[in-house]
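What follows is a set of notes on a single structure, which appears directly below.
Derivation of every value follows stated rules applied to the coordinates shown; laboratory data play no part. From a predicted model like this one, the values you see are computed outputs, not experimental measurements. When we count neighbours, we look across all protein chains shown, and the Cβ atoms used for this are built from the backbone with ideal geometry, even at glycine.
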Amino acid sequence: MSHSVEGTWELSIQTPLGRQHTILTLTRDGDRLSGVMRDVRHGEQVALTGLEQQGTRLTWAQSITRPMRLNLTFEVTVDGDEMTGLAKAGRLPASKVTGRRSPAA
């Protein structure tokens, strides 16, 4: 059974530097899922790498330069229009991720 994850998601990431707000956009081209994430405060937009979907579980990696250089890995579970999970940055503690799918524009 395929779970639709495509669309625009508003994510909140509880980091040691405070709450980060990002916009996650997921698109599907045939069997290929791709995505980009934009940091609301800093305006930086980065492509996701290694994006994989297994049922309701999504995993991906991304590299950011603001507010500091970090390589992040995400593991989230999608439940309808809600997303919850964790983001890891190296040896730092995991950060809680919550998200909600934006209504179609």
Output needed: percent of Cα pairs per 10 Å distance bin for the chain, bins running from 0 to the one holding the longest distance.
15, 54, 27, 4
Total charge dipole magnitude, the chain, about the Cα centre, Cβ charges on Lys, Arg, Asp, Glu only, Debye to nearest 20
460 debye
